[in-house]
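**Q** The structure that follows is given in the form of structure tokens.
Just so you know, all these numbers are worked out from the coordinates, no wet-lab data involved. Quantities reported herein were computed from a predicted structural model and do not represent experimental measurements. Here the Cβ positions follow ideal geometry from the backbone for every residue, glycine too, while neighbour counts run over all protein chains shown.
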Amino acid sequence: MSEHVPTLEARRSPAGRRGSGPRRRFWSARRIPAGVAATVLFGAAGLLLYDVLAVRSGRPGMRWRRDLAKALAERPLDQVWIQVGAGLAVALGLWLVVLAVTPGLRSLLPMRDPLRDPTRDPVREEGAGAGEVRAGVERSAAALVLRDRAMEVPGVQGARVRVGRGRVTVRAVSHFRELADVREDLGEAMRRGVDELGLAREPGIAVRVERVEGGKG
């Protein structure tokens, strides 16, 4: 039966730390959704414009448009295929809205600028700093670095680290030493490791240590 101690949580205030100014998340370019939406809209607008010009010039409109208008006028709206089509259109529209208002790139954590002046107003200087170079780190890479730091703590036999956007979760097993001592040293190692990563938004740290079966203490 495994032995464990309560989870340790820590969050250090970034006040007074050099280069700890707010940094916005990276925005994904989303070229594929934008290209698909632009192509569809361009094609639909082109067909509609061609049909309008044909009707204005005295020629009959395209047959598919006449058939579609007739079907929409005669068929009841409670038919399954009409409801399914409307649902798909609504879902597609909501998906495009979500893509437009969310940054994306959830796996990339922004890093702070060590040379940043904390007295600068990031909102007021947003236009001037639009071309600045920004640094970021993948969450998987950050987790790997913190796991290496965890394995350096005496008494830690194995560790799993999960890095989220606002929290680092560490689950470790110990084969010797008191669990409370291992937890304390591991928490301090994680705080140093997070500080070395230089993240713009310092995450909270949650540490859980369990006794490996057959271990001492």
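**Q** How far, in nm, would the chain grow between residue 89 and residue 213 when pulled straight, counting 0.36 nm per residue and subtracting the alpha carbon separation?
**A** 39.1 nm
**Q** While we're looking at this one, here's another question. Need one number: the % of Cα-Cα pairs in the stretch 31-101 sitting beyond the 19 Å mark.
**A** Numbers: 1377 of 2485 pairs.
Considering the stretch 31-101, 55 percent of its Cα-Cα pairs are separated by more than 19 Å.
**Q** Multiply the residue separation of residue 134 and residue 39 by 0.36 nm, subtract the distance between their alpha-carbon atoms, and state the gained length in nm to one decimal.
**A** So the extension gain works out to 31.0 nm.
**Q** Can you figure out the FRET efficiency of residue 144 with residue 30, using R₀ = 30 Å and their beta-carbon distance, to the nearest 0.05?
**A** For residue 144 and residue 30, the calculated efficiency is 0.65.
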